[in-house]
Amino acid sequence: MLEARELSLIYGNERNEEYYALRDINFLADRGEMIGMIGPSGSGKSSLLYILSGLKKPTAGTVYYQDHSIEVMSFNDSAAIRRKEYGFIFQRHFLIDYLTVLDNVLVVVNQSQKAWRNTAINLLEILGIADFADQKPHKMSVGQRQKVAIARALVNKPKIIFADEPTASLDHSNARLVMDILASLKGQTTILVTTHDYSILEQADRVIHMWDGRIIKTTLPSSLFDPTKK
Ligand SMILES: Nc1ncnc2c1ncn2[C@@H]1O[C@H](COP(=O)(O)OP(=O)(O)O)[C@@H](O)[C@H]1O
Ligand SMILES: [Mg+2]
């Protein structure tokens, strides 16, 4: 489904020294897998997620989506994949303040079709924010706005969801709700979720541990809760 081979990402600093944000990354996600990516701040989680989604170019290495290298695709082709087949949940929600909550959810799809509106309203209901559908996002709390971003990521029924610390702005019970919703999509949807909070990864199929730009190990989520398990 999604594969990366020998990725590296180098940033230069002001003294022209090169710094590896990612090094020797090999990665494979199958259809329907939910994969957690855990590691401390600065370990490369966001960089890896953006490269896997094609939003960022690696310094070396290749990402394949359904066996096609996204590096050799035209900009239009890769943008079409992102629009139709990928869903994004970022750490910051990037809502459009002059649109209503409902129209924010519908920006990625053809808004005139009633079926999309129904799907969007249904998602807002599941997330407990349907009452805000016709309001502007600035009226909502940070957590509620993150839920709008989650509805927006799910409305086009993406094949892959890229979620960068999706629960960072949520309290524990809302974080749980969001992870339950993501986990309910497992099987049909591939879900990649970065976090430094292991407690949200209970339902992941496996967990990739990152450290200093490398993948240092892959485990089952149970090893996060019981260190004697591998
Ligand atoms: N635009 C950038 N320019 C220079 N260095 C960056 C940039 N973005 C990230 N980095 C560095 O790359 C490393 C990995 O960052 P990041 O992928 O954001 O890690 P994480 O998401 O795990 O916190 C960090 O050392 C960070 O400082
Ligand atoms: Mg990050």
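The values are calculated or read from the model by the stated rules, or taken from the named source; none is laboratory data. Note that the coordinates shown come from a computational prediction; the quantities given were computed from them, not determined experimentally. Here the Cβ is made from the backbone with ideal geometry for all residues, glycine too, and neighbour counts use every protein chain on show.
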Looking only at residues that are of a type in the set (S, T, Y) and surrounded by 13 or more Cβ atoms within 10 Å (Cβ to Cβ) in the range 1-58, which one is nearest to S184 (Cα to Cα)?
S53
Checking I150 against (1) under 13 Å from the mean Cα position of the chain (by Cα); (2) under 29 Å from E6 (Cβ atoms); (3) aliphatic (A, V, I, L, M); (4) in a helix (DSSP H, G or I), the condition it does not meet:
(2)
Within the bounds of the range 27-41, is there any residue that is at pLDDT 95 or above, charged (D, E, K, R) and within 16 Å of ligand 2 (Cβ to nearest atom)?
no
Looking only at the range 159-170, filter to residues that are modelled with pLDDT under 95 and touching a Gly at 6+ places or on another chain (Cβ under 7 Å); which one of those is surrounded by the fewest Cβ atoms within 10 Å (Cβ to Cβ)?
S169
Quick check: is even one residue across the range 171-189 on the phi < 0 side of the Ramachandran plot, surrounded by fewer than 21 Cβ atoms within 10 Å (Cβ to Cβ), in contact (Cβ under 8 Å) with a residue 40 or more places away in the chain and of a type in the set (V, I, T)?
yes
Answer residue from the range 63-104, given it is modelled with pLDDT under 90 and within 16 Å of ligand 2 (Cβ to nearest atom) and is surrounded by the fewest Cβ atoms within 10 Å (Cβ to Cβ) among those:
F94
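Which residues, taken from the range 173-230, are part of a helix (DSSP H, G or I) and within 16 Å of ligand 1 (Cβ to nearest atom)?
Y198, I200, L201
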Residues of the range 112-140 satisfying the condition of being free of Cβ contacts under 8 Å to residues at least 12 places away in the same chain and exposed (fewer than 13 other Cβ atoms within 10 Å of the Cβ)
S112, Q113, K114, A115, N118, D131, K139
Taking strands (runs of 3 or more DSSP E) that do not extend beyond the range 16-118, which have at least 1 residues that are within 16 Å of ligand 1 (Cβ to nearest atom), within 15 Å of A4 (Cα to Cα) and out of contact with any strand residue (DSSP E or B) (no Cβ under 6 Å at 6 or more places or on another chain)?
18-29
